[in-house]
1. Being modelled with pLDDT of 90 or more and of a type outside the set (A, V, I, L, M, F, W, C) is the filter here, so list the residues in segment A:198-210 that pass it.
2. Every residue in segment A:16-27 that is crowded, with 19+ Cβ neighbours inside 10 Å and either under 19 Å from A:R222 (Cβ atoms) or without any contact (Cβ under 8 Å) to a residue 40 or more places away in the chain (or both), please.
3. Among the numbered conditions (1) within 13 Å of chain B (Cβ to nearest Cβ); (2) in contact (Cβ under 8 Å) with a residue 40 or more places away in the chain, tell me where A:S148 comes up short.
4. Taking A:E201 and the conditions (1) within 26 Å of A:A7 (Cβ to Cβ); (2) open to solvent by less than 30 Å² (accessible area, probe 1.4 Å), which numbered condition does it fall short on, given that it satisfies the others?
5. What's the number of the only condition in (1) under 30 Å from B:Y169 (Cβ atoms); (2) of a type in the set (A, V, I, L, M, F, W, C); (3) under 14 Å from the mean Cα position of the chain (by Cα); (4) open to solvent by 60 Å² or more (accessible area, probe 1.4 Å) that B:L35 fails to meet?
6. When the residues of segment A:31-61 are filtered to those that are among the basic types (K, R) and assigned to a helix (DSSP H, G or I), which remaining residue is least open to solvent (accessible area, probe 1.4 Å)?
7. Among the residues of segment B:111-132, how many are within 29 Å of the chain's Cα centre (by Cα), touching a residue at least 12 places away in the same chain (Cβ under 8 Å) and either surrounded by 23 or more Cβ atoms within 10 Å (Cβ to Cβ) or facing chain A (nearest Cβ under 7 Å) (or both)?
8. Does A:M74 count as surrounded by 15 or more Cβ atoms within 10 Å (Cβ to Cβ) and either of a type in the set (G, A, S) or more than 10 Å from every other protein chain (Cβ to nearest Cβ) (or both)?
Amino acid sequence: MSDRQLAVEFRGVSKLYGALAVLKELSLSVPQGEKIALIGPSGSGKTTVLRILMTLETIQAGTVWVKGEPLWHMPKGDGLAPATETHLHAMRRHIGMVFQHFNLFPHMTVQENVARPPQIVLGVTSGEAEQRAQDLLRLVGLAQKGASYPAQLSGGQKQRVAIARALAMQPAIMLFDEPTSALDPELVEEVLAVLRDIALEGKTTMLLVTHEMSFAREISDRILFLDGGAIVEEGPPDQIFSDPKEERTRLFLKKIIAAGHRID
Amino acid sequence: MSQFSDYAWMILDGTWVTVKITVVASVVAVIVALLTGVARTSKFFWIRLGPTLFVELFRGTSCYVQLFWAFFALPFIGISLTPFVASVLVLGANVGSYGSEVVRGAIAGVPRGQTEASVALNFTKLQRFRHVVFPQALVAMLPPAGNLFIDLLKLTPLTSLITMSDLTYNAMAVRQQTGSTFIALATILVGYFLMSSAIAWAIGRIERRASRGLETGPRAA
């Protein structure tokens, strides 16, 4: 087992809401630095994969490993015991997340949204945090918006602030949960441009849930197609989009194209 | 003329007592509301139990009865409170119990995405509450809190039943001694109106400060 090179691993993970299985014994491995896009119809469980990794959802069976350590469990004797809040806190520093609905802190300015979390959580000095926040805001093209409040921004600008805020914590693994789905069509590209920069920079492991098929094809190393809480098919983008092996993948892509989206 | 100044002193003295009770009882009410309100958002039954019983007890019985209990009944079990202490504790606990619901509701009303974002940024539970949930909940708490402070002010005349010489009590005494009902009653009308206006003004100021960034657009932002 070369666990050390894996950023993320799911081993037989099941997630249930009552009798409804959202994930069914799902297994996947993501090497460090890999860019993964999760695609599939709504309700397929792709967002759940990210939410489990961000410790926003518990699991009912299986194990999740982040950088070779169990996420939802702790080693105990020969086996594993459920994770404590302390363990989850220690594990979360590896992971950052960008949400569909941004979830910026409305009572903080843009600058504070990006600068405060590292001060609060990592104990970074305010001078350093402010400087880094300015650098990150410049990176996402919002250097002039530091003094604004989130309510004064467009959706695309909000999402770029949210990306800067997540990057400020310097996570090794970044999760993007449909980052452009809540945006007006004309604002999608400005967010994708920022995501493209992060992907090209290379070091960060990325898991991206998206309906932007051509973008997924462009930036990801591997595509996972999920349906019904399981991975139906996975492979390099060109193969998945041009030559899908599974009937369900083919059907899904057909629907996407029929809805007027491009996949090339 | 010296008699007039005597009466004026009685009114001022009563006003001062009313102000003192209102201010100190408001502080007690805030503490009660925050402690019980926050505790009642806990997912643990045993943490919710005590505060819930406390709040229901004080909301379920009248302030009048509670004052009598605090001042006349507690000495039988060895607790003797001065009239002032009994007044501020009872009014504080009573209004604080209504405030508890305001606090609980405001905290529950902060969108879940806010907590999720702060989990994703690896805030501890305390940091989530302090930096993300509470500052936003506070904005929702302030308008109803302002009403409760004014309610508290209007409950203070009850404390004359346990020997406090507050504005209403003293004004009634002046009325009896001078026979000028109209002036005495006009005095308290104006007095309470000015005091409640002061409370509304102060809360308005705090509200504007606390709601920066939250005035426009949806709270989820």
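1. Within segment A:198-210, A:T204, A:T205, A:T210 qualify.
2. Within segment A:16-27, A:L23, A:L26 meet the criteria.
3. All conditions pass for A:S148, except number (2).
4. With respect to (1) within 26 Å of A:A7 (Cβ to Cβ); (2) open to solvent by less than 30 Å² (accessible area, probe 1.4 Å), A:E201 is out only on (2).
5. Failed condition: (1).
6. Filtering segment A:31-61 for residues that are among the basic types (K, R) and assigned to a helix (DSSP H, G or I), the one least open to solvent (accessible area, probe 1.4 Å) comes out as A:K46.
7. 3
8. yes
The values are calculated or read from the model by the stated rules, or taken from the named source; none is laboratory data. None of these values were measured; they are calculated from a predicted model. FYI the Cβ positions are ideal-geometry reconstructions off the backbone, even for glycines, and counts take in every protein chain you see. Side chains are part of the model used for accessible areas, which takes the heavy atoms of the whole protein and leaves out ligands, DNA and RNA. Shrake-Rupley method; radii C 1.70, N 1.55, O 1.52, S 1.80 Å.
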